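To keep things clear, I will list the structure first and then write my remarks on it.
The values are calculated or read from the model by the stated rules, or taken from the named source; none is laboratory data. Worth saying up front: this structure is predicted, and the values here are computed from it rather than measured. Because the Cβ atoms are built from the backbone with ideal geometry, glycine has one as well, and the counts that use them run over all protein chains shown.
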Amino acid sequence: MLKKITYTLILSLLTLNSFSQNNSSEIHGNFDLNMQSYQEDELIGAEAADEIILNNAYLNINYTKGDFVAGLRYESYLNALLDFDDNYKGNGIPFRYASYTIDGLEVTVGNYYEQVGSGLIFRSYENKGLGADNAMDGIRLKYSPLKGIYLKTFIGKSRTYFTYAEGIIRGADAEVNLNEALNLESKTKIIIGQGLVSRFQADINPKFKLPQNVAAYSTRLNIINGGWNYSGEYAVKLNDPVGSLTSEGNNYAKGNALMSSLTYSKRGFGIVAEMHRVDHMEFRSERAQEKQYIINYIPTLTKQHTYTLLALYPSATQTEGEFGTQIDVFYKIKKGSLLGGKYGTKLIFNFSRINALNVGSSFLNDNRKHTPMFISIKGEELYYKDINLEVYKKINKKIRATGVIAKQSYNKDVLEGKTPGTYGIVESTIAIADISYKIKKGYTVRIELQELLADGGEGSWSMGLAEYTISPHWFFAVQDMYNWGNHEISKQLHYVNINFGYLKGANRIEIGYGKKRAGIFCVGGVCKEVPSSNGFSLAISSSF
Amino acid sequence: MRKLFLSIITTILFSTLSIAQSRSLPSVLVKTLDGGSINITEIENNGKPIVISFWATWCKPCKKELNTIAEVYEDWQDETGVKLVAISIDNSRSMGKVAPYVNASDWDYEVYIDPNGDLKRAMGISTVPHTFLLNSKKEIIWQHKGYVDGDEDELLEQIKKIAH
């Protein structure tokens, strides 16, 4: 299969080159390598790897000639880093594609990534850092018959590790920008969209009759007027029981999700108010329960934090059911005012709250039927709450400072899939100071001090980081995370890390040594649980 | 398997060796802040330099880079005529925060969103920030990964080299 495709690719490239075309061809891509050594550390529970060092690497190549594009990705896991699933094993070219565009029609064969609307019914994407990649393999057509009208349709199978899931996924989406399509000179802009995705999988269940075709559809609307912007999407997934052999294990209820956001902004000020409601809305590439088969994306309705201790207890969408609200306010206090000072001051406020649906999510079988109330907040189980304020200020030509204070409530049982009542809710208060000082042109020192106070979970943490950078080539950093408040004295440990790196143009090399704590790491809305580790790391990233 | 891989690389290399290498922007649609779409090849600065900077609302060094340049952007424009195009890779979780963040920060950049990473992949980007400099023919002539304080000085030097 792969051989055939590769040959076809070579042939098509050769043929293309014999055509006399004015478009010159170009080849570009990028290479990433992550190597890590694993030494045992009984104190933090880090295990040594049999291989001593583990290595992940990727090379992407894109070939372009005019309106023709082809490319591939070589992936190498020898063997995969410990925080990756060990189903990533060995080498291969799991991603290859060819695509051309002519008269508004774009044809892609092979692998592709695609998203319908916000992703509520379908998103295929990759995040190499998290080991997430559900690329499609099949055919995709995109067509724009008129300016402002965008149609796409696709069919294929969804990738899981080095194989493809059993289901065949078909999808179509239409988006119309009314102002562009009808040539309206209106101040109000309206964009509407409709998506449909369906999965086919044969029913071989000996006991129950399961739907072989499962559809999901979504409607979206975006209205923009001056500084105002409303955006909403409603999605439904038809019944999709997992195919359990017990009656109680099969839920025949439909799923649905609603997200809605209203934004207003002008120079120096912005506000975003959002809500979402999710009910039994996980959509998978096959009738299974494992997370690695998920093909839709319900954006987490909380702020994506980057400071370590703010992200120690991260939130994740409970696709089975949740109700959430979020508010963000961005404000810049003007230069020259009392609080603004010489350079102005920036404030960012964020509040989010996520709770359970009333008496759980929708359920339907012969014995039980339940549909939760549409809105219920008070009295429902809290999943996550975060209230935080960030202040950024340039103090003078040499000093810049950021301060953050936050209060978070984290339902450890729900968010980490533990038995209800084991840990309860971890309440934490966090404060952060981040100060950078420019010594002289190109030389900067940056200090981060972070403090998290909590009774639950692992108790309180402190963190300190010092970074020294010499623009444009060098950086050095040392950091220590100290779990001084752990209730078990033997776990009151330091996690020290040293990193240095060299950057030049398109190349970046980073070497590190240190201990990483076990925990949940989330990037781009996806989370994974990683084991604690101790050792050297090498990361090379290059683009051409 | 390995042979095939090698053969395909060689084929590609040979087939392009004869052609003078220049690097142009890939033809990819990105979203505008008012809900529309634009092909990134359509960005224009009348033959003056263009800087393309990939960022995200959740990326600290990215925001630091763009906030720092914002303080001197007017001077840069007067001096070199440069235009900065900021491309956010925020996905549907945070893309709604892009416009209010940009507005509240007083940025004068042209801002687009690449919500599912199509342009990011086409331009070979693995992490943000990642900055490109385009010459008068919109060919990429310089790029830089990451941002530390002071990197904007090197960028300005590169811009000056090609500004007329």
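Within segment A:351-388, how many residues turn out to be part of a strand (DSSP E or B), polar (S, T, N, Q) and touching a His at 6+ places or on another chain (Cβ under 9 Å)?
Residues in segment A:351-388 being part of a strand (DSSP E or B), polar (S, T, N, Q) and touching a His at 6+ places or on another chain (Cβ under 9 Å): 1 in total.
Among the listed residues A:N497, A:N486, which satisfies the condition of being in a strand (DSSP E or B), polar (S, T, N, Q) and more than 14 Å from chain B (Cβ to nearest Cβ)?
A:N497 is the lone residue from the list that is in a strand (DSSP E or B), polar (S, T, N, Q) and more than 14 Å from chain B (Cβ to nearest Cβ).
Please go through segment A:345-383 and give me each residue that is more than 30 Å from A:L210 (Cα to Cα), more than 23 Å from the chain's Cα centre (by Cα) and of a type in the set (K, R), ordered by number.
Those that are more than 30 Å from A:L210 (Cα to Cα), more than 23 Å from the chain's Cα centre (by Cα) and of a type in the set (K, R): A:K346, A:K378.
Can A:S471 be described as within 9 Å of chain B (Cβ to nearest Cβ), touching a Lys or Arg at 6+ places or on another chain (Cβ under 8 Å) and within 30 Å of B:M123 (Cα to Cα)? I'd like the intermediate steps shown before the answer.
Values: within 9 Å of chain B (Cβ to nearest Cβ): yes; touching a Lys or Arg at 6+ places or on another chain (Cβ under 8 Å): no; within 30 Å of B:M123 (Cα to Cα): yes.
No: the conditions fail for A:S471.
Name the one entry in A:I121, A:I149 that is more than 10 Å from chain B (Cβ to nearest Cβ) and either touching a Gly at 6+ places or on another chain (Cβ under 9 Å) or of a type in the set (K, R) (or both).
A:I121
Within segment A:230-243, restricting attention to residues that are touching a residue at least 40 places away in the same chain (Cβ under 8 Å) and closer than 14 Å to A:Y217 by Cβ, which residue is nearest to the other protein chains (Cβ to nearest Cβ)?
Top of the filtered list is A:E233.
Suppose we filter A:V278, A:V329 for residues that are within 17 Å of B:S92 (Cα to Cα) and among the aliphatic types (A, V, I, L, M); which single one remains?
A:V278
Among the residues in segment A:39-58, are any surrounded by 16 or more Cβ atoms within 10 Å (Cβ to Cβ), modelled with pLDDT of 95 or more and either touching a Pro at 6+ places or on another chain (Cβ under 9 Å) or part of a loop (DSSP other than H, G, I, E, B) (or both)?
No, there is no match, as no residue in segment A:39-58 is surrounded by 16 or more Cβ atoms within 10 Å (Cβ to Cβ), modelled with pLDDT of 95 or more and either touching a Pro at 6+ places or on another chain (Cβ under 9 Å) or part of a loop (DSSP other than H, G, I, E, B) (or both).
Among the listed residues A:T219, A:T246, identify the single one that is more than 10 Å from chain B (Cβ to nearest Cβ), assigned to a strand (DSSP E or B) and out of contact with any Ser or Thr (no Cβ under 9 Å at 6 or more places or on another chain).
Within the list A:T219, A:T246, the selection yields A:T219.
Scan segment A:418-465 residue by residue and report those that are closer than 17 Å to A:Y384 by Cα and in contact (Cβ under 8 Å) with a residue 60 or more places away in the chain.
A:V426, A:S428, A:I430, A:L452, A:G457
Of a type in the set (V, I, T), more than 26 Å from A:G403 (Cβ to Cβ) and touching a Gly at 6+ places or on another chain (Cβ under 8 Å): does that describe A:V530?
yes
Name the single residue, out of those in segment B:47-68 being more than 14 Å from the chain's Cα centre (by Cα) and hydrophobic (A, V, I, L, M, F, W, C), that is nearest to the other protein chains (Cβ to nearest Cβ).
Restricting to residues being more than 14 Å from the chain's Cα centre (by Cα) and hydrophobic (A, V, I, L, M, F, W, C), the top hit is B:W58.
Evaluate the following for B:D118: is it at the interface with chain A (Cβ under 10 Å from one of its Cβ atoms), within 23 Å of B:S27 (Cβ to Cβ) and of a type outside the set (S, T, N, Q)?
So B:D118 fits the description; yes.
Among the candidates B:I113, B:I140, B:I89, which residue alone is within 24 Å of B:G36 (Cβ to Cβ) and in contact with a Phe, Trp or Tyr (Cβ under 9 Å, 6 or more places away or on another chain)? Lay out the reasoning, then the answer.
Working: B:I113 fails: in contact with a Phe, Trp or Tyr (Cβ under 9 Å, 6 or more places away or on another chain); B:I140 fails: within 24 Å of B:G36 (Cβ to Cβ).
Step by step, each of B:I113, B:I140, B:I89 is checked, and only B:I89 is within 24 Å of B:G36 (Cβ to Cβ) and in contact with a Phe, Trp or Tyr (Cβ under 9 Å, 6 or more places away or on another chain).
Name every residue in segment A:59-108 that is more than 13 Å from chain B (Cβ to nearest Cβ) and either crowded, with 19+ Cβ neighbours inside 10 Å or closer than 18 Å to A:Q36 by Cβ (or both), in order of residue number. Walk me through it before giving the result.
Looking only at segment A:59-108, we keep the residues that are more than 13 Å from chain B (Cβ to nearest Cβ), and these are A:77-89, A:103, A:105, A:107.
Residues satisfying the conditions are A:Y77, A:L78, A:N79, A:A80, A:L81, A:L82, A:D83, A:F84, A:D85, A:D86, A:Y88, A:K89.
Just to verify a result, which residue in segment A:164-198, among those that are polar (S, T, N, Q) and buried (at least 17 other Cβ atoms within 10 Å of the Cβ), is farthest from A:G92 (Cα to Cα)? Show your work before the answer.
Keep residues of segment A:164-198 that are polar (S, T, N, Q), which gives A:177, A:179, A:183, A:186, A:188, A:194, A:198.
Right, trim to buried (at least 17 other Cβ atoms within 10 Å of the Cβ) and you get A:177, A:179, A:198.
Working: A:N177: 41, A:N179: 46, A:S198: 29 Å.
Top of the filtered list is A:N179.
Are any residues in segment A:90-136 part of a strand (DSSP E or B), without any contact (Cβ under 8 Å) to a residue 40 or more places away in the chain, farther than 20 Å from A:S541 by Cα and of a type outside the set (D, E, K, R), and if so, which ones?
Listed by number, the residues that qualify are A:Y97, A:S99, A:Y100, A:T101, A:I102, A:L105, A:V107, A:T108, A:V109, A:M136.
Only one of B:V111, B:V128 is more than 10 Å from chain A (Cβ to nearest Cβ) and closer than 27 Å to A:W228 by Cα. Can you tell me which?
Residue meeting the stated conditions: B:V111.
Can we say B:T80 is farther than 25 Å from A:F544 by Cα, among the polar types (S, T, N, Q), touching a helix residue (DSSP H, G or I) at 6+ places or on another chain (Cβ under 8 Å) and within 12 Å of chain A (Cβ to nearest Cβ)?
Details: farther than 25 Å from A:F544 by Cα: yes; among the polar types (S, T, N, Q): yes; touching a helix residue (DSSP H, G or I) at 6+ places or on another chain (Cβ under 8 Å): yes; within 12 Å of chain A (Cβ to nearest Cβ): no.
Here the answer is no, as B:T80 does not meet what is asked.
Specify which of the listed residues (A:N179, A:N183) is without any contact (Cβ under 8 Å) to a residue 40 or more places away in the chain and in a loop (DSSP other than H, G, I, E, B).
Just one listed residue meets the conditions, A:N183.
When segment A:199-208 is examined, which residues are found to be part of a strand (DSSP E or B) and buried (at least 19 other Cβ atoms within 10 Å of the Cβ)?
If the condition is that a residue be part of a strand (DSSP E or B) and buried (at least 19 other Cβ atoms within 10 Å of the Cβ), then A:R199 is the only one that fits.
Among the listed residues A:T402, A:T419, A:T444, identify the single one that is loosely packed, with under 14 Cβ neighbours inside 10 Å and either of a type in the set (S, T, N, Q) or within 13 Å of chain B (Cβ to nearest Cβ) (or both).
The match here is A:T419.
Looking at the structure I just gave you, is A:D455 of a type outside the set (G, A, S), over 30 Å from A:H473 (Cα atoms) and buried (at least 16 other Cβ atoms within 10 Å of the Cβ)?
No: the conditions fail for A:D455.
For segment B:137-156, which residues satisfy the criterion of being facing chain A (nearest Cβ under 10 Å), of a type outside the set (K, R) and either closer than 17 Å to A:F475 by Cα or outside any strand (DSSP E or B) (or both)?
Within segment B:137-156, B:H144, B:G146, B:Y147, B:V148, B:D149, B:G150, B:D151, B:E152, B:D153, B:E154, B:L155 qualify.
Pick from segment A:257-304 the residues that are free of Cβ contacts under 8 Å to residues at least 12 places away in the same chain and assigned to a loop (DSSP other than H, G, I, E, B): which of them is surrounded by the most Cβ atoms within 10 Å (Cβ to Cβ)?
The qualifying residue surrounded by the most Cβ atoms within 10 Å (Cβ to Cβ) is A:R267.
Consider A:N205 carefully, then state whether it is of a type outside the set (V, I, T) and farther than 21 Å from A:G321 by Cβ.
Against the criterion (of a type outside the set (V, I, T) and farther than 21 Å from A:G321 by Cβ), A:N205 qualifies.
Here is a list: B:S88, B:S92, B:S105. Which entry is away from chain A (no Cβ under 11 Å) and hydroxyl-bearing (S, T, Y)? Working first, answer last.
Values: B:S92 fails: away from chain A (no Cβ under 11 Å); B:S105 fails: away from chain A (no Cβ under 11 Å).
The match here is B:S88.
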